[in-house]
Protein chains: 4
Amino acid sequence: MSGNSFGTLYCVTSFGESHGPAYGGVVDGCPPGLQLSNGDLQKELDRRKPGSSRHVTQRRESDSVEILSGVFEGRTTGTAIGFLIRNEDQRSKDYSTIAEKFRPGHADYTYWQKYGIRDARGGGRASARETVVRVAAGAIAKKWLAQRYGVLVRGYLAQLGPLEIEFKAWQDVQANPFFAPDNSRVKELEQFMDDLRESGDSCGARVNVVAEKVPVGWGEPVYGRLDADIAGAMMSINAVKGVELGAGFAAVMQKGSEHGDEMTPQGFLSNNNGGVLGGISTGQDVTVSIALKPTSSIRLSRRTIDARGEATTVETTGRHDPCVGIRATPIAEAMLACVLMDHALRHRAQCGDVTPPVKLG
Amino acid sequence: MSGNSFGTLYCVTSFGESHGPAYGGVVDGCPPGLQLSNGDLQKELDRRKPGSSRHVTQRRESDSVEILSGVFEGRTTGTAIGFLIRNEDQRSKDYSTIAEKFRPGHADYTYWQKYGIRDARGGGRASARETVVRVAAGAIAKKWLAQRYGVLVRGYLAQLGPLEIEFKAWQDVQANPFFAPDNSRVKELEQFMDDLRESGDSCGARVNVVAEKVPVGWGEPVYGRLDADIAGAMMSINAVKGVELGAGFAAVMQKGSEHGDEMTPQGFLSNNNGGVLGGISTGQDVTVSIALKPTSSIRLSRRTIDARGEATTVETTGRHDPCVGIRATPIAEAMLACVLMDHALRHRAQCGDVTPPVKLG
Amino acid sequence: MSGNSFGTLYCVTSFGESHGPAYGGVVDGCPPGLQLSNGDLQKELDRRKPGSSRHVTQRRESDSVEILSGVFEGRTTGTAIGFLIRNEDQRSKDYSTIAEKFRPGHADYTYWQKYGIRDARGGGRASARETVVRVAAGAIAKKWLAQRYGVLVRGYLAQLGPLEIEFKAWQDVQANPFFAPDNSRVKELEQFMDDLRESGDSCGARVNVVAEKVPVGWGEPVYGRLDADIAGAMMSINAVKGVELGAGFAAVMQKGSEHGDEMTPQGFLSNNNGGVLGGISTGQDVTVSIALKPTSSIRLSRRTIDARGEATTVETTGRHDPCVGIRATPIAEAMLACVLMDHALRHRAQCGDVTPPVKLG
Amino acid sequence: MSGNSFGTLYCVTSFGESHGPAYGGVVDGCPPGLQLSNGDLQKELDRRKPGSSRHVTQRRESDSVEILSGVFEGRTTGTAIGFLIRNEDQRSKDYSTIAEKFRPGHADYTYWQKYGIRDARGGGRASARETVVRVAAGAIAKKWLAQRYGVLVRGYLAQLGPLEIEFKAWQDVQANPFFAPDNSRVKELEQFMDDLRESGDSCGARVNVVAEKVPVGWGEPVYGRLDADIAGAMMSINAVKGVELGAGFAAVMQKGSEHGDEMTPQGFLSNNNGGVLGGISTGQDVTVSIALKPTSSIRLSRRTIDARGEATTVETTGRHDPCVGIRATPIAEAMLACVLMDHALRHRAQCGDVTPPVKLG
């Protein structure tokens, strides 16, 4: 498996750099017959687009996507779906001053040391702008999962820096630029972000994602577990430093009598497992939570070294998200959708003849 | 990639059930010329062996491993290393009463629904006993990493239920059956476990793993990130519900000016990133933390359903670990070692001609 | 993908050396619920067993197979199927004289140069005895393909050295130790082999394999073609130097008007394509032909070099097949069956909702 | 592994249809620091370009390639190399009459039955025009192999229909539109092709490819053999029906004393093995031969069925190569180069510390 691909049967391959001519992706393994248009991808891309509020980067990108293959007369043909997103706003002059310095918290240093060469324009391959490919691929997965199984994948901002946001309603998530699940908190979030921006600093965030109506049985023991693949996919998102399923780290403090979800003929009585037991979906909601570190590019001066290994300082004045977590919700949804679709296909391959013996509810 | 294999170049394939005749594994991709004997594997297997203290399962297994291929006159030949661990204590009568019930928190229900059939003896394939294969494979990886790069992979119990254990010294870890990094806490842990066992309940745990002297440059953008592969590997361990690198979930509350690790010509000034930036190792310690849920098999009675979907209750009276986290340290070490070795080989393949341009220190 | 594994969804992993303690394999991805016993594997292993006639190696091996996992109460559970075949007749003294020489036509030299070390006992990992694993894995695939789709995979010896053997009847194939499809030719073949053995030389062979009742639609464009995977699988068999599908090399001399198989509502009028068009099965017989080189181990003296690079000669006096092609039929069948099963699962994964629009016949 | 990707470490992913907007590819795993420009790819693409003589299709395509990522300031960065080739001459009206018929020898029928839908414009995904992606990816592999190891991959037309062409000189191959290795035969070939075109029929071909200066040691036992991967790669090329290494099918008639290549301290005395023993390169030339079937699209009327399964006839009047083999040489070279590069990287990963113990010559 190449490092720029993921998925076994629903396989996504990605290319592109922040200030190169374009990003693109190839989605392989999508079943034939799915209605699909540029618009299906664009709708999701618009949710993560820069410039949508004053709280995110002001880079101007329409993120217009063009499907180049794999769709004929509005339906997928079963062949590889190639798509392209041209970069439009490539002011790489912004970056010339930092091309020779390693920004703390960035991949500048590791790319330089690994490859002996790096595309320093705007983070190059390490830029979070690569997530356009994930979101586009996730849009296809979301659509197929919804049509074929009724699966619904949705996420929200659960914490912004120190501000925890309790879940109130899904419609709220769509109604504010933070993907916050409680509109009554938006003013507070805006004030926090305005202060943060003014301070020249950045903050972390927590994003929760939920997949509803996932059928029982998806996931493969013992290494190809559904939760293992979800964890890998989530940790591959830029800035993610932690992943939880269900009770997550809270499980450390739980007793077995509290954690183990009891069952009745109507179903499970709780969901500490997060919808996965033994690596296989239970039929409950799959619930995932991720920690995103604060943006590394900040205006405050920081100690670092340059490409010759000498001490220097760096301030980043480009157009950066003060909290990458704000735009992370659609990305996390996309990754979860891709993993679920991969496992839906894998399960069908091996167990296509099995009818689950027990009917709950 | 099959669900029972993991790794791209250092590839581990696993088979076996808790009460079948044997577990076994195949390690493919190990470089030739490494001195290797059954004893190298046995040493690590003995660290996770059942019955080593009263705080873990009393199942009697010598976990004797036999290397069947890939080693000639004491050295690896570069061909597939097959090994076998016979099961000795297979009292499957212990399990007859629960064969028709789904134990809360277990994979009983999901296997049954996925496959329409399951080996119910002692958890079958879902048993944590499968981790013998991981530990054996990890032993080879550890040895090669140490000899070739000086990499040292070690872990410890950081929290037992509510009891946090601050790190004191590595030698302490080897001196108690909990892998606790502070011998002065052992009495307290023993008391806690005795009480827990008596209560018929179980508890969760947190295990930390550290890899020292990992060279800069291991890991592949953008999906084959070192941290993504670590997260997937860790989450594939039985009972793991959460994975963190570096600051982990604490990063949510950090500011960028606090999180982003500054650099000087002598190296990094902190390690919030956990040894990985942009998916590539920084040369710092790789620090990982995992949450293990409480053992699902407890003596307390719990509501559940049977194979016909009808309501019932279940108590588990077999020989189970009251805290699976206690024996998890060698397993987590093994998984980290396997991922690191895989990436060492992957890095050498692509970047074998690169000399890291900057020398720190 | 590791070098000792093959298949994407029906994935076979192999280990073992000619004179090590055992060969073994892991079959991952087999659907659950298939009735399976050691006997199912043994039946196929007995067909390739040494010592079954005076025309093949006289090494004494019962090739007894033991399934170690993945089967419960006589049925596959969907988890990894591990199996073991102990080596019994390991007279490695036979080989001591050649341990320091590179036998012409053997892998001695290439293993030595690649790995800097080799298990020289009887060819080590390069021994054709490794095909026991393939045959065992193929036995499972054959059984599932037959039960699920009615697919029948059979092969025969089409040429022994200079002697072409026209196909007469499948029952003849089972009635002689050559897998020759015409019993009336057996005497001639025996005479040829007796003369060959006496001469101290060896000969090549051609084996044909046919899969009947393969449904239309298996195979993936453009690199994962059914015929591409068949070619790779066949060429991976020891001693194979050429692979053909359908008309094969004869297609070079054909006109398009002759080669392109015409269709009527009843089906195809010919099968020059060999059952595959555009990499996808047509529903016709899949017909494959392979060329096997003459055994490299011969009694005649040959010029070669030793491990120090110095000139010497070598004669091989061990117990070798004078024509490896004679025992190749069950091996080629096994490889074809494994590839077909892999693609059956892959097709079901992606196209499980498609009903082929056209009904022929 | 997805069907539209190939290679483990040098991994090529392809998308595009004959009459869609573009073809494109992603090359992952290329080492950093290789000088690379559009021109490097264009040079090879021009060798397979349509319209270069009257003997091939007259479709007008400049096949202009644009590298979109993975190259910075003229050098590869080690990240994924995306490239695009826009389709220019998409006269799909040419194909309207055959959209509802299955052309004999084409993938029309199998795509239709597999997917229930197909892009019928000019063969869609099954068109041999997809090989632009292979040639572009192969250009990168060729350049790296040549610079890093001095490996030279070259091919030629060995047979055109009934006309065998003996190898005379490499410079002749470049001097005629047939890639024929003997300029004195060109007139004869031209006459043959003119007659063929006039007859409305097509013919098959044989192409030979040779890789010189391949180091000893590339290839992995037992399924990841170098020859197995070559066979799979070659058979994945459109129209290929047979693959040989070294003596190939001639090995059937050889004696062991003739086939097994003897060695002296100066090297091998013959090359019946085709540069591969036990799946590992010997250091000799890797010699491959492939059979290409005659073009299926011919002007002569042929019996077939339509999408409703009813009898009809079809004549193909579009712009087709009367012999696909003529343009196959650069494609076969590309596939061989990609496989070799993949194995160069795989070998370096596992055996990077091994120095081949024996020095020949």
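The values are calculated or read from the model by the stated rules, or taken from the named source; none is laboratory data. All of these numbers come straight from a predicted model, not from anything done at the bench. Backbone-built Cβ (ideal geometry, glycine too); neighbour counts: all protein chains shown. Only protein heavy atoms, including side chains, enter the accessible area calculation; ligands, DNA and RNA are left aside. Shrake-Rupley method; radii C 1.70, N 1.55, O 1.52, S 1.80 Å.
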Exercise. Rounded to whole Hz and in sequence order, give me ³J(HN,Hα) for the range B:254-262 from the Karplus expression 6.51 cos²θ - 1.76 cosθ + 1.60, θ = phi - 60°, writing x for Gly and Pro.
Key: 7, 8, x, 5, 9, 6, x, 6, 6
Exercise. On the protein heavy atoms, probe 1.4 angstrom, tell me the percent of accessible surface of the range C:149-307 carried by carbon and sulfur.
Key: 47
Quiz item: How big is the charge dipole of the range D:128-240 about its Cα centre, in debye rounded to the nearest 20, if each Lys and Arg gets +1 on its Cβ and each Asp and Glu gets -1 on its Cβ?
Solution: 640
Practice problem: Run through the other copies and list how far each one's label point is from that of D:Thr317, in nm with one decimal, shortest first; the point sits 7 Å from Cα along Cα-Cβ. | Solution: 6.8, 7.7, 8.7
Quiz item: What does the accessible area per residue of the range A:215-361 come to in Å², with a 1.4 Å probe and no ligands, DNA or RNA counted?
Solution: 26
Quiz item: Across peptide C:98-104, how many C-beta atoms of other chains are within 10 Å of each residue C-beta, on average?
Solution: 3
Quiz item: How large is the accessible surface per residue of the range A:27-153, computed with a 1.4 Å probe and reported in Å² as a whole number?
Solution: 32
Quiz item: What quantity of accessible surface, computed with a 1.4 Å probe and excluding non-protein components, is buried in total between chains A and B, in Å² to the nearest 100?
Solution: 8800
Quiz prompt | Residue mean of other protein chain beta carbons inside 10 Å, A:80-89 | solution = 4
Quiz item: Hey, what D do you get for the range B:206-290 in µm²/s if you plug the Kirkwood alpha-carbon radius into Stokes-Einstein at 4 °C and 1.567 mPa s?
Solution: 98
Quiz item: So, in nm, how far is label C:Asp46 from label A:Trp170 when the simple model puts each one 7 Å beyond its Cα toward the Cβ?
Solution: 6.0
Quiz item: Check A:Gln254: other-chain or 5+ apart residues with amide H under 5 Å from its amide H, H built from backbone geometry?
Solution: B:Gly204
Quiz item: Rounded to the nearest 500, what is chain C's calculated 222 nm mean residue ellipticity when only DSSP H runs of at least 4 contribute -39500 (n - 2.57) each, over all residues?
Solution: -8000 deg cm²/dmol
Self-check item: Calculated on alpha-carbon atoms, Rg and Dmax of the range D:99-199 in Å
Solution: 18.6, 50
Practice problem: Place the label 7 angstrom along Cα→C-beta at B:Glu198 and in each other copy, then list the distances from the first to the rest in nm, shortest first. | Solution: 5.9, 8.9, 10.6
Exercise. Under a cut-off of 16 Å between alpha-carbon atoms, report the aspartates and glutamates in cross-link reach of A:Lys255, not counting same-chain residues fewer than 8 places apart.
Key: B:Glu164, B:Asp194, B:Asp195, B:Glu198, B:Asp201, B:Glu315, B:Asp321
Self-check item: Calculated from backbone phi, Karplus (6.51, -1.76, 1.60) coupling profile of the range A:305-317 in Hz, x at Gly/Pro
Solution: 10, 9, 5, 9, x, 9, 5, 7, 10, 9, 10, 9, 10
Self-check item: Nm distances between copies for C:Ser184, ranked from closest, using label points 7 Å along Cα→Cβ
Solution: 4.8, 9.5, 9.6
Quiz item: Shielding of B:121-133 by partners, i.e. mean partner chain Cβ atoms within 10 Å per residue?
Solution: 3
Self-check item: C:Asp195/B:Lys359 FRET efficiency (R0 60 Å; Cβ-Cβ; nearest 0.05)
Solution: 0.30
Quiz prompt | Mean-position separation - Cα centroids, the range C:333-350 and the range D:314-361, in angstrom | solution = 25
Quiz prompt | Within straight-line cross-link reach of C:Lys213, aspartates and glutamates at Cα separation under 13 Å, skipping those fewer than 8 residues along the same chain | solution = C:Asp285
Quiz prompt | Hits among aspartates and glutamates - C-alpha to C-alpha of C:Lys43 under 15 Å, sequence gap 8 or more where chains match | solution = C:Glu61, C:Asp63, C:Glu66, C:Glu333
Quiz item: Using every alpha carbon pair in the range C:214-361, what percent of pairs falls into each 10 Å bin from 0 up to the bin containing the largest distance?
Solution: 10, 30, 27, 16, 11, 5, 1
Quiz prompt | Alpha carbon centroid spacing (whole Å) that separates the range C:275-308 from the range A:1-42 | solution = 38
Quiz prompt | Set A:Lys168/A:Lys241; B:Lys142/C:Lys143; C:Lys49/C:Lys143; B:Lys114/C:Lys142 screened for pairs whose C-alpha atoms are more than 29 Å apart | solution = B:Lys142/C:Lys143
Practice problem: Please work out which residue of chain A brings its Cβ closest to the axis of the rotation superposing A onto D, and round that distance to whole Å. | Solution: A:Thr13, 2
Quiz prompt | B:Ala311-B:Thr264 pseudo-label distance in nm [points 7 Å out on the Cα-to-Cβ vector] | solution = 6.7
